[in-house]
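Trainee: Sharing a structure with you now.
The values are calculated or read from the model by the stated rules, or taken from the named source; none is laboratory data. Being a predicted model, the structure only gives us computed values, none of them experimental. Using ideal geometry, Cβ is built from the backbone for each residue, glycine included, and neighbour counts are taken over all protein chains shown.
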Amino acid sequence: EDQVTQSPEALRLQEGESSSLNCSYTVSGLRGLFWYRQDPGKGPEFLFTLYSAGEEKEKERLKATLTKKESFLHITAPKPEDSATYLCAVRVPDDYKLSFGAGTTVTVRA
Amino acid sequence: DGGITQSPKYLFRKEGQNVTLSCEQNLNHDAMYWYRQDPGQGLRLIYYSQIVNDFQKGDIAEGYSVSREKKESFPLTVTSAQKNPTAFYLCASITGATGELFFGEGSRLTVL
């Protein structure tokens, strides 16, 4: 069974303190790994899609990387507005479904 | 602007009642999805539809029903058979080319 595991569950950072979130996956073939940001009471907002090992994508203070078994979301010099829950999801070939991890809740203190 | 509209945002239901959550999209997406989100858990797939008049059960379909009579609309009915319906419900649609889901703002259902 395909599985997506995110760690840690929660992360408390001081403003400017860089860190990384992990998303490990066990799928039989990968058709894309997706990162989303979700604010409380809102729908998830798309951040990145990664398709193959070695691929990297950046957006402002966020950088996503992908290996054959896991992905990292690096947050560089975070600000309080980066506080949110970050979700990881994977999609396999010939399947319209995305399987989601439980998320990492990031809190950045000023 | 194109997007996905869910309504209502908040809904209260008495035990034994059916309720229907609305989801409308104007993105011209073929596939639409319903997910359920509970605290500390990932999004779990309830139903999805790839084309009009066709839909498939997801991982937790028991106690839910859907219809797909129009490309733009994918309503979800939470029936009285759903034992623990209090949750945050998210509707999404997908771009075929890139595969990322676009989500609505969600509907929070509370059973009194």
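Trainee: Anything in region A:41-54 that is under 26 Å from residue A:108 (Cβ atoms) and more than 10 Å from chain B (Cβ to nearest Cβ)? List them, or say none.
Mentor: Across region A:41-54, the qualifying residue is only A:50.
Trainee: Further question: Among the residues of region B:65-73, is any among the basic types (Lys, Arg), closer than 27 Å to residue A:85 by Cα, at pLDDT 95 or above and surrounded by 15 or more Cβ atoms within 10 Å (Cβ to Cβ)?
Mentor: The answer is no, given that none of the residues of region B:65-73 is among the basic types (Lys, Arg), closer than 27 Å to residue A:85 by Cα, at pLDDT 95 or above and surrounded by 15 or more Cβ atoms within 10 Å (Cβ to Cβ).
Trainee: Specify which of the listed residues (B:60, B:46) is touching a Gly at 6+ places or on another chain (Cβ under 6 Å), within 14 Å of chain A (Cβ to nearest Cβ) and either among the charged types (D, E, K, R) or closer than 24 Å to residue B:17 by Cα (or both).
Mentor: From the options B:60, B:46, the qualifying one is B:46.
Trainee: For region A:24-34, give me each residue that is more than 11 Å from chain B (Cβ to nearest Cβ) and either assigned to a strand (DSSP E or B) or under 15 Å from the mean Cα position of the chain (by Cα) (or both).
Mentor: If the condition is that a residue be more than 11 Å from chain B (Cβ to nearest Cβ) and either assigned to a strand (DSSP E or B) or under 15 Å from the mean Cα position of the chain (by Cα) (or both), then A:24, A:25, A:26 are the ones that fit.
Trainee: Another one. Enumerate the pairs (first residue in region A:54-70 and loosely packed, with under 12 Cβ neighbours inside 10 Å; second residue anywhere and charged (D, E, K, R)) with beta-carbon separation below 9 Å, excluding pairs fewer than 6 apart on the same chain, so at least 6 apart or on different chains.
Mentor: From residues that are loosely packed, with under 12 Cβ neighbours inside 10 Å, the pairs are A:60/A:82.
Trainee: Check region A:71-82 and report whether any residue there is surrounded by fewer than 21 Cβ atoms within 10 Å (Cβ to Cβ), without any contact (Cβ under 8 Å) to a residue 40 or more places away in the chain and among the acidic types (Asp, Glu).
Mentor: Checked region A:71-82: at least one residue is surrounded by fewer than 21 Cβ atoms within 10 Å (Cβ to Cβ), without any contact (Cβ under 8 Å) to a residue 40 or more places away in the chain and among the acidic types (Asp, Glu).
Trainee: Just the residues that are more than 12 Å from residue B:79 (Cβ to Cβ), surrounded by 14 or more Cβ atoms within 10 Å (Cβ to Cβ) and among the hydrophobic types (A, V, I, L, M, F, W, C), please, taken from region B:1-20.
Mentor: B:4, B:11
Trainee: Moving on to the next point. Can you list the strands (runs of 3 or more DSSP E) lying wholly within region A:61-110 that have 3 or more residues being under 11 Å from the mean Cα position of the chain (by Cα) and within 14 Å of another protein chain (Cβ to nearest Cβ)?
Mentor: Once the strands (runs of 3 or more DSSP E) in region A:61-110 are filtered for at least 3 residues that are under 11 Å from the mean Cα position of the chain (by Cα) and within 14 Å of another protein chain (Cβ to nearest Cβ), what remains is A:84-91.
Trainee: Additional query: Within region B:68-112, which residues are in contact (Cβ under 8 Å) with a residue 60 or more places away in the chain, assigned to a loop (DSSP other than H, G, I, E, B) and within 14 Å of chain A (Cβ to nearest Cβ)?
Mentor: Within region B:68-112, B:95, B:96, B:104, B:105, B:106 qualify.
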